[in-house]
Amino acid sequence: MARAIAWLKALGLLCLGLAVAGATAWGTLALYYSDLPGEPLRIGLAVGFSLGTLLAFARLPDRGRTLLGFSLAFAILVAWWISIAPSNRREWQAEVAVLPFATRDGDLVTVHNIRNFDYRTEQDFVPQYYDRAFDLSRLDEVDLLAVYWMGDAIAHIMVSFGFGGDHVAISIETRKEKGEVYSSIAGFFKQYELIYVVGDERDLIRVRSNYRRPEELVYLYRTRAQPEAARRLFLEYIDRINQLKDRPEFYNTLTTNCTTDVWSLVRALSDQFPLDWRVLVSGYFPNYAYDLGSLDTDLPFAQLRSISLINARAHAADHDRDFAERIRAGLPRPPPRPER
């Protein structure tokens, strides 16, 4: 019995130590990636918090009081971190400076501020935007875009909607301020706001396939979305776009990103999209959609993936007004999923 009690105490101390270590690591990163002014201040606070915790537990004889003091300090830190609010008023990078929004009159949805930059290079472009009215009765296509730049596991997921041959793409991205660069770690700590970029395919696809260096690999998969589901999904996107214009939100690397938000929107419309590890490992999201029967399953996935790479078509089409049609040339369009 005594040995069992000793083991339980040891296990409890181990769990407590891991909890303190985890809280310390989180607090250190939260301070470093905070909105406090000046990197020296953020580094000083982060180092002070982690080093102070280490010294307190190593030197103070009363561990109970030390734990109580740490818990109080950590609670204050969490309360401060929760108080950090997102904003739509910052010095934004040009690519994400203008928020889209939409208005609706019956079946006509007018999307404002559709991005259509004219690129010379990825960093050298002429900002351009336009407004366009889309007739929901003509919505007949939903396409899934997966963009790869660092192997098969990580991809940026976008969705494109087709209205009788007229396409508009939506990309869920970090809204970076001037001077900011993307960091997956920083993305856990309220470093970036969230933006739904609504863009012409000649912008959102071409910048990735034609102008980024090294160029990114863009795959376009045509889905089985039937018209009513496509309509509901498009309107879900429109609602989110308008919400973000009025109530900004933070991006989160794990929970609120390009893949999880797409999955959440689709999941809200159907119970046929259970949570799967491939929602988090975004590069395999197309495999997930294929296994659920949302893509063309008449072909093996490896073959479908091979023919869905559109970089060569995007290079050939470039400024062509028929860009959307040309990048889809030869891609199988599966019939809509039957209504249930």
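List of remarks:
- Filter result for the condition that a residue is more than 20 Å from R333 (Cβ to Cβ) and aromatic (F, W, Y), over Y290, Y219, Y237: Y237
- Summed over the stretch 117-135, residues that are part of a strand (DSSP E or B) and either more than 30 Å from A230 (Cβ to Cβ) or outside the structural domain of F163 (by TED's automatic domain parsing) (or both) total 2.
- Some residue of the stretch 290-298 being more than 26 Å from the chain's Cα centre (by Cα) and not basic (K, R): yes
- Matching option when the condition is over 14 Å from L235 (Cα atoms) and in contact with a helix residue (DSSP H, G or I) (Cβ under 8 Å, 6 or more places away or on another chain), among V147, V159, V126: V147
- Test: residue in the stretch 244-252 that is at positive phi, assigned to a loop (DSSP other than H, G, I, E, B), surrounded by fewer than 18 Cβ atoms within 10 Å (Cβ to Cβ) and modelled with pLDDT of 85 or more: no
- Scanning the stretch 275-296 for residues that are of a type in the set (S, T, N, Q), touching a helix residue (DSSP H, G or I) at 6+ places or on another chain (Cβ under 7 Å) and at pLDDT below 90 gives a single hit, S282.
- Of the candidates D124, D118, D135, D105, the single residue that is among the charged types (D, E, K, R) and in contact (Cβ under 8 Å) with a residue 12 or more places away in the chain is D135.
- The conditions of being within 29 Å of R90 (Cβ to Cβ), in contact (Cβ under 8 Å) with a residue 40 or more places away in the chain and touching a helix residue (DSSP H, G or I) at 6+ places or on another chain (Cβ under 6 Å) are met by E216.
- Count - residues of the stretch 133-170 that are more than 23 Å from S209 (Cα to Cα) and touching a Ser or Thr at 6+ places or on another chain (Cβ under 7 Å): 1
- Of note, G187 does not satisfy the criterion of being under 24 Å from R305 (Cα atoms), small (G, A, S) and assigned by TED's automatic domain parsing to the domain that holds R138.
- Of the residues examined, A146 is one that is touching a residue at least 24 places away in the same chain (Cβ under 8 Å) and on the phi < 0 side of the Ramachandran plot.
- L309 being hydrophobic (A, V, I, L, M, F, W, C), at pLDDT 90 or above and in contact with a Pro (Cβ under 8 Å, 6 or more places away or on another chain): no
The values are calculated or read from the model by the stated rules, or taken from the named source; none is laboratory data. Just so it is clear, the structure is predicted and the values come from calculations on it, not from any experiment. Neighbour counts run over all protein chains shown; Cβ positions are idealised from the backbone, glycine included.
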